[in-house]
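*Asks:* One structure, pasted below without further comment.
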Amino acid sequence: MSVGNHEWYFTAEDERFFVDHNITVLDNADVQVTIKGKKLRIGGLSTRYDLDWLEKYAQKEGTKILPCHHPEHYKYKIKDRKTDTFDLVLSGHYHGGQWRIGNVGVYVPRIGLMTPKVKGKFGKHIINAGVSNTTRFPRLGNPRELVMIKIRGDTGMDSRFAGKKILLLDGLTSQCLEYTKAFNGLGCDSTVLCDDRFDTCYASRHPKRKILGVSNVRDLKGTEEWILKLVKSGEYDVVIPFTEYSATILSHHKKELSTYAHLIVNDQDVFDYAQDKNNVMKVCMENDLPCPMTIYDAKSVDDILASNIKFPIILKPSHGFGSHGFHKIGTKEELAACVEKFDIDVSEMVVQEYIPQEGLNVADNLFVDKEGNTKSAFTYASYRFYPIDGGSGVLNETIDRKDIHDISTQLVKKMGLHGPVGVDMIIDARDDTPKVLEVNLRPIACAKLGFLSGINTAQQIMEDLYADEVTPMQQYKTGIRVRRSQIDWMWFIKSPNRFKTKPSWFDRRNTVDQLFSWSDPGPWFAFFIYGFRKFIRER
Amino acid sequence: MTDMHSMPYDDLLMLLQKQGPDAILLSGDTLERHEEGKSEWSFLSMEQWQLLPEMKGSMVSLMRVLDRLVEHKGIEAEEEEDLGLAFLRDIS
């Protein structure tokens, strides 16, 4: 809080009040604060201004904000002088001119009639019209004003990683786009490997460089060749994968490629162990971490029947993702028939109890530094899925449940995982217990939720590589929703619950589209065309 | 935000809660603390701090008349409860 012309003094009671309520009064004084991991310096110039203090403040390094009640103090005492080193100057006092025509105030108390530039943004100087009306006369053409200022990372606030060259694989994915923006915000130089002109990142304006090569699950050999070629070029400082197959390729070549760049992937032995869902279940069961009861060493149908597992059960591949190869089996007889019909190798499957689908599907997303410390974690719940019977979440919302964080933190520690890790769980509605399903060893698809809720994993990745310490980011905003609008439309068309779902399909509060933005609409349209082409091809 | 002037703030508080900002910067005139005799300052000295003579010269007298016409209501509000402090309490 800075000091204006109506605050000639503060009483001793006021001072105590400020201390008790954590209010910092900047009466010709400055402080350094950290907001979302960004360091800022804020200094308040009072009406009773102190130009000696101002000069010292102006010489300090970093991003500086100057709350300065009187616009004319900035205009006449600071602007265009050597002390004008501030990044943002925030003024008020004019009350917007009380009656305002455009930017001209009819009357500004103690300033005069027909005063120009009484409200608005003038370069780095913002003049606020004020939040109250203090006169006998109503405001005309001049509503009260609360100014929301979004300070973006690319204003040079955090220059520690400026110029670092980042290669982001899998330009098709939405998380690649979010990380591209976040790395740009850190001043990094981002290059994205795409597979198609309609890839999300290829259609975006955010990547500084786009490479059209091979990057898709249908051509793993070609993808591997492109990844090896690019990393071995030595042009990149950091390489980060966003799909299972890219992460697998990087992990399997980690020893060889680490001489060229930092690879954001776990070592091959740790990676391969954690990719096997049976191993994840084994670690959970051996350490009393809740998970569906699993027969993780069955080799045959007889092994399953010999166990005490209760039907219904599920069979799903121990490797892979999505609903591919998923079978729900109600009886012992169905089990034998299913294995025979689909020629299933039981030793390659996860065999576990079926958890009723009434509970929420949730994911906890962590960043674990190289020392093994969890530096951030946020949880989201998925409310709708497409395909309806077991696809990806199309509406996700950040939630807060300590028990979920505790389970996932213990699990990643037991498994020795590092970097960005996602732990998928389902909440068993029978006992309200979150149960582990699998881990994702890469940034999750809904990375946008993390960035929106205040967790900058891109910054943590860079700090883990180049700084002394990774900034802890344990607090995040809950109730933020991200929606994949095109797929949500498909859900609406197909789902019999279209009018019964909660939250309502029509509820758009605190909801942001996963791809669309007015400043960068290309990815949304590209994804639409990509999906339409896929639909036609499949038909 | 600026120029709260110890005025009623219910709608403002609702708006702030809805926006959920990471930080709130108050750029002056949140409270009403300008009675003469309670500090070393007076209206005249405060006008000097506000650069008024430098800026307007002979217009200052006319402005004082106009200022009286648009006098602040914040002081009246202070008589019952210091709404400025109540606001700071509620947002802290």
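The values are calculated or read from the model by the stated rules, or taken from the named source; none is laboratory data. Remember, it's a predicted structure, so these values are computed and weren't measured experimentally. Cβ atoms come from the backbone with ideal geometry, glycine included; neighbour counts cover every protein chain shown.
*Asks:* Go through the range B:22-44 and give me each residue that's free of Cβ contacts under 8 Å to residues at least 12 places away in the same chain and either within 7 Å of chain A (Cβ to nearest Cβ) or among the aliphatic types (A, V, I, L, M) (or both).
*Replies:* The first filter runs over the range B:22-44 and keeps only residues free of Cβ contacts under 8 Å to residues at least 12 places away in the same chain, leaving B:22-23, B:33, B:35-44.
Passing the criteria: B:Asp22, B:Ala23, B:Arg33, B:Lys38, B:Ser39, B:Trp41, B:Leu44.
*Asks:* Residues A:Gly105, A:Gly130, A:Gly171, A:Gly163: which one is small (Gly, Ala, Ser), surrounded by fewer than 19 Cβ atoms within 10 Å (Cβ to Cβ) and either over 30 Å from A:His206 (Cβ atoms) or at pLDDT 85 or above (or both)? Please lay out each step first, then the result.
*Replies:* Values: A:Gly105 fails: surrounded by fewer than 19 Cβ atoms within 10 Å (Cβ to Cβ); A:Gly130 fails: surrounded by fewer than 19 Cβ atoms within 10 Å (Cβ to Cβ); A:Gly171 fails: surrounded by fewer than 19 Cβ atoms within 10 Å (Cβ to Cβ).
Within the list A:Gly105, A:Gly130, A:Gly171, A:Gly163, the selection yields A:Gly163.
*Asks:* Can you name every one of the strands (runs of 3 or more DSSP E) wholly within the range A:359-423 that holds 2 or more residues which are in contact with an Asp or Glu (Cβ under 7 Å, 6 or more places away or on another chain)? Spell out how you get there, then give the answer.
*Replies:* Details: elements: A:361-368, A:374-386, A:392-399.
Correct list: A:374-386, A:392-399.
*Asks:* In this structure, is A:Val3 farther than 24 Å from A:His73 by Cα and either hydrophobic (A, V, I, L, M, F, W, C) or at pLDDT 95 or above (or both)? Talk me through it step by step, then tell me what you get.
*Replies:* Working: farther than 24 Å from A:His73 by Cα: no; either hydrophobic (A, V, I, L, M, F, W, C) or at pLDDT 95 or above (or both): yes.
Judged against the criteria, A:Val3 is not a match.
*Asks:* For B:Met7, indicate whether it is surrounded by 15 or more Cβ atoms within 10 Å (Cβ to Cβ), outside any helix (DSSP H, G or I), at the interface with another protein chain (Cβ under 7 Å from one of its Cβ atoms) and not hydroxyl-bearing (Ser, Thr, Tyr). If you could, list the steps in order and put the result at the bottom.
*Replies:* Values: surrounded by 15 or more Cβ atoms within 10 Å (Cβ to Cβ): yes; outside any helix (DSSP H, G or I): yes; at the interface with another protein chain (Cβ under 7 Å from one of its Cβ atoms): yes; not hydroxyl-bearing (Ser, Thr, Tyr): yes.
Yes, satisfied.
*Asks:* Could you tell me how many of the residues in the range A:8-25 are within 17 Å of B:Ile91 (Cβ to Cβ) and either touching a residue at least 40 places away in the same chain (Cβ under 8 Å) or at the interface with chain B (Cβ under 7 Å from one of its Cβ atoms) (or both)? Before the answer, list the steps.
*Replies:* Pass one, the range A:8-25, residues within 17 Å of B:Ile91 (Cβ to Cβ): A:14, A:17-25.
Now restrict to residues that are either touching a residue at least 40 places away in the same chain (Cβ under 8 Å) or at the interface with chain B (Cβ under 7 Å from one of its Cβ atoms) (or both): A:17, A:21-23.
Result for the range A:8-25: 4.
*Asks:* So is A:Thr34 at pLDDT below 95, touching a Leu at 6+ places or on another chain (Cβ under 7 Å), closer than 28 Å to A:Arg160 by Cα and more than 10 Å from every other protein chain (Cβ to nearest Cβ) or not? Reasoning before the result, please.
*Replies:* Details: at pLDDT below 95: yes; touching a Leu at 6+ places or on another chain (Cβ under 7 Å): no; closer than 28 Å to A:Arg160 by Cα: yes; more than 10 Å from every other protein chain (Cβ to nearest Cβ): yes.
Here the answer is no, as A:Thr34 does not meet what is asked.
*Asks:* Looking at (1) without any contact (Cβ under 8 Å) to a residue 60 or more places away in the chain; (2) surrounded by fewer than 16 Cβ atoms within 10 Å (Cβ to Cβ); (3) part of a strand (DSSP E or B); (4) more than 8 Å from chain B (Cβ to nearest Cβ), find the lone condition where A:Lys39 falls short.
*Replies:* That leaves (1) as the condition not met.
*Asks:* Answer yes if at least one residue in the range A:419-439 is touching a Cys at 6+ places or on another chain (Cβ under 8 Å), in contact (Cβ under 8 Å) with a residue 60 or more places away in the chain and not hydrophobic (A, V, I, L, M, F, W, C), and no otherwise. First the steps, then the outcome.
*Replies:* Step one: of the range A:419-439, the residues touching a Cys at 6+ places or on another chain (Cβ under 8 Å) are A:435-437.
So of that shortlist, the ones also in contact (Cβ under 8 Å) with a residue 60 or more places away in the chain come out as A:435-437.
After this cut, where a residue has to be not hydrophobic (A, V, I, L, M, F, W, C) as well, the list is A:435.
Yes, the range A:419-439 contains at least one residue that is touching a Cys at 6+ places or on another chain (Cβ under 8 Å), in contact (Cβ under 8 Å) with a residue 60 or more places away in the chain and not hydrophobic (A, V, I, L, M, F, W, C).
*Asks:* Pairs, please: C-beta under 7 Å, at least 6 apart or cross-chain, first residue without any contact (Cβ under 8 Å) to a residue 40 or more places away in the chain and in the range A:91-108, second charged (D, E, K, R) and in a strand (DSSP E or B)?
*Replies:* Note: pairs meeting the criteria are A:Val106/A:Arg100.
*Asks:* Look through the range A:49-86, keep the residues that are among the aromatic types (Phe, Trp, Tyr) and farther than 22 Å from A:Ile151 by Cβ, and return whichever of them is surrounded by the most Cβ atoms within 10 Å (Cβ to Cβ). Give the steps one after another, and end with the answer.
*Replies:* Just the residues of the range A:49-86 that are among the aromatic types (Phe, Trp, Tyr), to begin with: A:49, A:53, A:57, A:74, A:76, A:86.
If we keep only those that are farther than 22 Å from A:Ile151 by Cβ too, we end up with A:49, A:53, A:76.
Numbers: A:Tyr49: 20, A:Trp53: 17, A:Tyr76: 13.
Going through the qualifying residues, I end up with A:Tyr49.
*Asks:* Just one of A:Tyr380, A:Tyr354, A:Tyr386 is of a type in the set (Ser, Thr, Tyr), touching a strand residue (DSSP E or B) at 6+ places or on another chain (Cβ under 6 Å), surrounded by fewer than 20 Cβ atoms within 10 Å (Cβ to Cβ) and in contact (Cβ under 8 Å) with a residue 24 or more places away in the chain; which is it?
*Replies:* Only one candidate passes the filter, namely A:Tyr354.
*Asks:* Residues that are of a type in the set (Gly, Ala, Ser) and at pLDDT below 90: does the range A:498-516 have at least one?
*Replies:* Checked against the condition, which is being of a type in the set (Gly, Ala, Ser) and at pLDDT below 90, the range A:498-516 yields no hits at all.
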